[in-house]
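Reviewing the structure listed below.
The values are calculated or read from the model by the stated rules, or taken from the named source; none is laboratory data. Keep in mind the model is a prediction, meaning the values are calculated, not measured. Every residue, glycine as well, gets a Cβ built from its backbone with ideal geometry; the counts of neighbours run over all protein chains shown.
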Amino acid sequence: MNVMQVFLSADVVIKAVLLSLGFLSAATWAIILYKALHLNRAKRESAAFLNAYLGDAHGNALLKIAHGLKASSLANLFVYHGSIAETVKRDRLRGAIERAAARESAALHTGLTFLATTGSTAPFIGLFGTVWGIINAFHSIGEAGSAALAVVAPGIAEALVTTAVGLAAAIPAAVGYNFFLGQAANLADEAAAFCDELVGEPSRRAV
């Protein structure tokens with residue numbers, strides 16, 4: 001008996017559990033793919049910006065490079081700093097840049113809350129399906145007056161399938177969350193350190 005057969009023969013509760021877990025699993029893999037592409041691009045573009053920033057690029061040339069690196073928190077902070085440096089008072093500049101860095105950090109962490117939630121809740125949703133499947137198995141025994149395999153098999157199959165699907169949703173979510181959290185934190189720390197340099201030496205690359 002495969003998963004589709006279990007789903008088609010199951011009652012509404014098991015179907016709801018499997019559909020919920022299927023949605024969580026599909027969304028998890030979509031977020032994992034998005035975060036892999038987004039964070040890899042962010043790392044590449046931040047490295048490219050740093051090469052330009054520490055190299056020979058200055059003034060408008062550096063600003064043009066930064067404008068082309070939309071995924072880089074460092075480039076975005078540099079552009080933002082350049083847009084407000086002449087209009088914001090010196091004593092308020094650091095706060096403005098730090099708020100911008102916080103927004104960049106939030107963007108880097110987008111989707112991770114969903115992965116964490118899926119990783120922690122999917123096993124319990126699957127466990128609920130497991131318990132419900134066992135209840136169905138005992139109910140079938142009571143109705144048939146027999147514990148023959150043909151009687152209990154559907155309920156046991158429902159219990160095992162929901163357990164497996166719950167784990168299949170939870171494990172990638174938990175692994176993805178921990179992996180991407182580390183990458184996002186590193187990029188956010190890099191952006192926070194760059195804030196200090198921007199505020200400490202606002203005109204270093206202005207000319």
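In table form, for the structure just shown:
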item: Any hit, the stretch 19-31, residues being in contact (Cβ under 8 Å) with a residue 12 or more places away in the chain, among the polar types (S, T, N, Q) and surrounded by fewer than 22 Cβ atoms within 10 Å (Cβ to Cβ); result: yes
item: Residues of the stretch 32-53 satisfying the condition of being surrounded by 16 or more Cβ atoms within 10 Å (Cβ to Cβ) and within 14 Å of residue 111 (Cβ to Cβ); result: 32, 35, 38, 39, 42
item: Number of positions in the stretch 1-58 that are among the basic types (Lys, Arg) and under 30 Å from residue 133 (Cα atoms); result: 1
item: Scope the stretch 60-84; condition in contact (Cβ under 8 Å) with a residue 24 or more places away in the chain, aliphatic (A, V, I, L, M) and closer than 18 Å to residue 193 by Cα; matching residues; result: 71, 74, 75, 77
item: Selection count where residues are among the polar types (S, T, N, Q) and at pLDDT below 90, scope the stretch 146-189; result: 1
item: Single unsatisfied condition, residue 104 versus (1) under 30 Å from residue 186 (Cα atoms); (2) more than 30 Å from the chain's Cα centre (by Cα); result: (2)
item: Candidates 86, 143, 104 - the one that is crowded, with 16+ Cβ neighbours inside 10 Å and either modelled with pLDDT of 85 or more or charged (D, E, K, R) (or both); result: 104
